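Structure first, commentary second.
The values are calculated or read from the model by the stated rules, or taken from the named source; none is laboratory data. Quick caveat: nothing in here was measured; it's all calculated off a predicted structure. Quick reminder, even Gly has a Cβ in these numbers, built from the backbone with ideal geometry, and neighbours come from all protein chains shown.
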Amino acid sequence: MMLTKEEILRNLNIERLTPMQEAALEAGSGDKDMILLSPTGSGKTLAYLLPLLGHLREGQDGVQAVVLVPSRELALQIESVFKSMGTPFRVMSCYGGRPAMEEHRAMNGIRPSVIVGTPGRMNDHLSKQNFDASTVGLLVIDEFDKCLELGFHDEMSTVIAQLPALRRRFLISATDAAEIPEFTGLHRASRLDFLEEHAPSAGRIKLYQVQSPSKDKLDALARLLCMLGTQSSIVFCNYRESVERISQYLTSRKIQNEMFHGGMEQPDRERALYKFRNGSCNVFVSTDLASRGLDIPEIDNIIHYHLPLNEEAYVHRNGRTARWEAKGCSFLLLHEEETLPEYIGEEPEEFLLDEHPSKPLPPLWVTLYIGKGKKDKINKVDIVGFLCKKGQLRQDEIGRIDVKDHYAYVAICRKKLSQTLNLIKSEKIKGLKTVIEETK
């Protein structure tokens, strides 16, 4: 039975929709295509999932809607939000880094109404006719400006050409695109532009410049992070090799951090993201892959180790902080040969580095890996009960819990780590013997 909007919001623990989400619901529920422009962190995913839901029909077989995204992480996030809505419709995500055959088997078992996928993997399934494309009536392109960049352009065109029954299209982005290619098939579109209205730069992001004495900014970065202490910070770089080099250097300086880039194996990327998201790690070193589509709340600082390649990248990076009504800081690391790009209109205030700042304290939380998950009938309530009863933890000493199909991550108070592991080392969770250990 279809849920009401109010019931869905209760399932998501949301009191009310924002004006942007209300406008998207109204526009997306009509008979026109929709272009929605709104900054990172403003709630765009729910803004298009609600009208998408209105176009689905209960009892209809086959995939009814396809959501195209540029990254695996965004696909997983959208899948998670859709499931949390508690509707009778089923959803699954498809992306590279795991066997396509496994996804095909899952499609046959789940029989999803909605598929969220990256363009390359979606083409793979469509070319092999792993699902019936003739039932797909709605296409969403999330982060469409990224999806239409060189590299995705041809893949996107091929995907859309294989969806013959499209009646409605939603294009979603945090920045405006110079033009929309004809192959999207967009026509009679309602355009909703909330970029200026929700721009976080209006007093909520404090911009600083940090001078590095040397062209190699590693020492300046380490000193800055020490001064920021236990605040959460994303360090943005332009290259994968730089991410790895910086992460290794910070580790050598005993500054805990996680790295994140597109060349990493998917489990390693997921583990790094979980640790940063749940507060077990305060420093996240990444390429621009982390500037879009990741659900990471309450980020205090953005650090541009490398200057962004363009204004669009700058906007997306800074959009990771000052989300909703929060405030944040953005730091531009500069050596004497670098000048500020023209698109940074204001002259940032200079942030002076201490010569010998104190090392930051370890994060308050640490992540445990549990080798059982949803397929083993383990849920969040089971994990909390187990850790309270067997591990003798209080509920306020247990943080974020993420339960996947075959494993789970849970944050616990760092000072209780050794005691907890000793107490539960020979215990079973829900009658199941499993590996429980600190996530490295």
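Only one entry in ILE255, ILE299 is over 22 Å from SER212 (Cα atoms), assigned to a loop (DSSP other than H, G, I, E, B) and outside the structural domain of ILE172 (by TED's automatic domain parsing), namely ILE299. Looking only at residues in the range 294-319 that are of a type in the set (D, E, K, R) and at pLDDT 80 or above, which one is nearest to ASN282 (Cα to Cα)? Once the filter is applied, the top-ranked residue is ASP300.
If we scan the range 126-136, do we find a residue that is within 20 Å of PRO51 (Cβ to Cβ), of a type in the set (Phe, Trp, Tyr), in contact with a helix residue (DSSP H, G or I) (Cβ under 7 Å, 6 or more places away or on another chain) and not assigned by TED's automatic domain parsing to the domain that holds PRO267? Scanning the range 126-136 turns up no residue that is within 20 Å of PRO51 (Cβ to Cβ), of a type in the set (Phe, Trp, Tyr), in contact with a helix residue (DSSP H, G or I) (Cβ under 7 Å, 6 or more places away or on another chain) and not assigned by TED's automatic domain parsing to the domain that holds PRO267. I want to confirm something. Restricting to the range 1-29 and keeping residues that are in contact with a strand residue (DSSP E or B) (Cβ under 7 Å, 6 or more places away or on another chain) and farther than 14 Å from SER173 by Cβ, which single residue is surrounded by the fewest Cβ atoms within 10 Å (Cβ to Cβ)? Filtering the range 1-29 for residues that are in contact with a strand residue (DSSP E or B) (Cβ under 7 Å, 6 or more places away or on another chain) and farther than 14 Å from SER173 by Cβ, the one surrounded by the fewest Cβ atoms within 10 Å (Cβ to Cβ) comes out as ALA23. Here LYS389, LYS359 are screened, and the one residue that is more than 15 Å from LEU207 (Cβ to Cβ), assigned by TED's automatic domain parsing to the domain that holds LEU423, surrounded by fewer than 17 Cβ atoms within 10 Å (Cβ to Cβ) and out of contact with any strand residue (DSSP E or B) (no Cβ under 9 Å at 6 or more places or on another chain) is LYS389. Among the residues examined, THR87 does not qualify as crowded, with 21+ Cβ neighbours inside 10 Å, touching a residue at least 24 places away in the same chain (Cβ under 8 Å) and either part of a helix (DSSP H, G or I) or touching a Lys or Arg at 6+ places or on another chain (Cβ under 9 Å) (or both).
The selection criterion, being farther than 26 Å from GLN21 by Cβ, surrounded by 14 or more Cβ atoms within 10 Å (Cβ to Cβ) and in the same structural domain as ARG98 (by TED's automatic domain parsing), holds for GLU155. Here is the figure for the range 125-173: residues that are farther than 29 Å from ALA313 by Cα and assigned to a helix (DSSP H, G or I) total 7. Here is the figure for the range 56-89: residues that are farther than 18 Å from LEU9 by Cα, at pLDDT 90 or above and not aliphatic (A, V, I, L, M) total 6. Of all residues in the range 90-116, those satisfying the criterion of being crowded, with 19+ Cβ neighbours inside 10 Å and either of a type in the set (A, V, I, L, M, F, W, C) or within 22 Å of GLU58 (Cα to Cα) (or both) are VAL91, MET92, SER93, CYS94, PRO112, SER113, VAL114, ILE115, VAL116.
Taking the range 260-276 as the range and being closer than 19 Å to THR321 by Cβ, touching a residue at least 24 places away in the same chain (Cβ under 8 Å) and not basic (Lys, Arg) as the test, the residues that pass are PHE260, LEU273, PHE276.
For the range 227-266, a residue qualifies if it is over 23 Å from the mean Cα position of the chain (by Cα) and crowded, with 18+ Cβ neighbours inside 10 Å, and the qualifying residues are LEU228, LEU250. Taking (1) aromatic (Phe, Trp, Tyr); (2) more than 21 Å from VAL285 (Cβ to Cβ); (3) touching a strand residue (DSSP E or B) at 6+ places or on another chain (Cβ under 6 Å) in turn, TYR343 satisfies each apart from (3).
Condition check for ASP216 on (1) at pLDDT below 90; (2) surrounded by fewer than 15 Cβ atoms within 10 Å (Cβ to Cβ): one failure, at (1).
Residues are listed down the side, and each one gets a yes or a no for (1) assigned to a helix (DSSP H, G or I); (2) among the aromatic types (Phe, Trp, Tyr):
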| position | (1), (2) |
| --- | --- |
| LEU207 | no, no |
| GLN211 | no, no |
| ASP216 | no, no |
| ALA220 | yes, no |
| ILE234 | no, no |
| VAL243 | yes, no |
| TYR249 | yes, yes |
| MET259 | no, no |
| PRO267 | yes, no |
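Among the residues of the range 406-432, those identified as assigned to a loop (DSSP other than H, G, I, E, B), out of contact with any Asp or Glu (no Cβ under 9 Å at 6 or more places or on another chain) and surrounded by fewer than 13 Cβ atoms within 10 Å (Cβ to Cβ) are LYS425, SER426, LYS428, GLY431.
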